[in-house]
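I have placed the structure first, in the form of structure tokens, so that the comments after it can refer back to it.
The values are calculated or read from the model by the stated rules, or taken from the named source; none is laboratory data. Remember, it's a predicted structure, so these values are computed and weren't measured experimentally. All Cβ positions, even for glycine, are placed from backbone atoms using ideal geometry, and neighbour counts span all protein chains on display. Ligands, DNA and RNA are excluded from the accessible area calculation, which covers all protein heavy atoms including side chains. Shrake-Rupley method; radii C 1.70, N 1.55, O 1.52, S 1.80 Å.
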Amino acid sequence: MLDLSRLRALHAVSVHGSVGAAAVALGYTPSAVSQQIAKLERETRTTLLERQGRGVALTEEARHLADTAQELLTIMERAETTLEERRGRPGGRLTIGAFASAARGLLPGVLAELAHRHPALDARMTEVDPHLSVDLVARGVLDLAVAHDWDIAPLPAPDGVEQAVIGDDLCDLLVPERHPLAARKSVHRQDLSGQRWICQPPGTVCHDWLVRTLRAAGCEPDLVHRAEENHTQIALVAAGLGVAMIPRLGRGPLPPGVLAVPLDPVPVRRLYALWRTGAARRPAITETVRTLQEHWPHVQGDHNG
């Protein structure tokens, strides 16, 4: 009989593309994942991984086995959901993915409250780009994700994935204190032509949104500095190197030399919780979504202004 934990390891390598990435997702060491797959190879008398450059690739047989593992994991999820629902209280492991500013500004309080209220629930968070999180939920790598979209770039939710709104996060224009726009009470998007922009790297949701927003207002953006972390972008603004549009969630107090100027209309990104339809009745899911929504007004209060 095939061991489910070994199939889970193979499935994780299939999803994440490497033993190291699978280990991070599962909370194991890379050597532990390699050992699980080596045992699975001996059990099945089949080569599952082949060397490819510095990494590994799944054989054709391994891909078929990984697909079967996905089906088995889905069945296990349904069984666990039914048992947890019958107990009527959250329990077991819950893997949560969240984008960076939500991981910093929202999840700490939520995770602390879940741990206090539900000691049988083992909630574990991983920081994940919103572009990836929906697919990771759909494929069973994450149980729940906190993702976002922007007013002009809706978040797609595939079949089999449900979502609930957590709240709306507002965005401000951050400028150096001596910038010509610093004295304005508000700034229209059409007034942003000719600015030197600090933003996230290409391929991220926020980068794509900024470019589309400025182009829609008739401005071709001059993107001079790119940094993933909002705090790095703010430090570059403080040094007088450009301007940035930064959401309020997880931003924290602005450093000396940086001012927030309201935009008219105010850019909004909407936060969502997403989970698989098969786990919708699981108390761990419903309680986590409720706690996220419950915490949102307090988080917004901390970051307004």
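Side notes on the structure shown:
- Condition check for T82: farther than 26 Å from E127 by Cβ, assigned to a helix (DSSP H, G or I) and of a type in the set (V, I, T): yes
- Odd one out for L40 among (1) open to solvent by 60 Å² or more (accessible area, probe 1.4 Å); (2) out of contact with any strand residue (DSSP E or B) (no Cβ under 9 Å at 6 or more places or on another chain): (1)
- Meets criteria (part of a helix (DSSP H, G or I), of a type outside the set (G, A, S), modelled with pLDDT of 80 or more and open to solvent by 60 Å² or more (accessible area, probe 1.4 Å)) for D159: no
- Matching residues, segment 1-30, being farther than 15 Å from L58 by Cβ, outside any helix (DSSP H, G or I) and among the small types (G, A, S): G27
- The set of residues in segment 217-248 that are more than 24 Å from V268 (Cβ to Cβ) and among the acidic types (D, E) contains only D222.
- Residue count for segment 228-245 under the criterion of being modelled with pLDDT under 95 and either basic (K, R) or touching a helix residue (DSSP H, G or I) at 6+ places or on another chain (Cβ under 8 Å) (or both): the result is 4.
- Scan segment 241-265 for residues that are open to solvent by 60 Å² or more (accessible area, probe 1.4 Å) and in a loop (DSSP other than H, G, I, E, B) and the total you get is 4.
- Matching residues in segment 19-33 - criterion: being touching a residue at least 12 places away in the same chain (Cβ under 8 Å) and touching a helix residue (DSSP H, G or I) at 6+ places or on another chain (Cβ under 6 Å): V19, A22, A25, L26, V33
- Taken over segment 191-216, the criterion of being within 18 Å of E229 (Cβ to Cβ) and part of a strand (DSSP E or B) is satisfied by W197, I198, C199.
- Of all the numbered requirements in (1) modelled with pLDDT under 85; (2) within 16 Å of Y272 (Cα to Cα), R139 misses one, and that requirement is (2).
- Applying the criterion of being touching a Pro at 6+ places or on another chain (Cβ under 9 Å) and either among the acidic types (D, E) or crowded, with 22+ Cβ neighbours inside 10 Å (or both) to the residues of segment 120-136, the residue that is farthest from V205 (Cα to Cα) is A123.
- Taken across segment 175-190, residues that are within 15 Å of V211 (Cα to Cα), part of a strand (DSSP E or B), touching a residue at least 12 places away in the same chain (Cβ under 8 Å) and open to solvent by less than 50 Å² (accessible area, probe 1.4 Å) do not occur at all.
- Matching residues in segment 94-119 - criterion: being open to solvent by 10 Å² or more (accessible area, probe 1.4 Å) and assigned to a helix (DSSP H, G or I): A100, A103, R104, G105, P108, G109, L111, A112, E113, A115, H116, R117
- Positions within segment 47-70 being open to solvent by 40 Å² or more (accessible area, probe 1.4 Å), at pLDDT 90 or above and among the hydroxyl-bearing types (S, T, Y), in sequence order: T47
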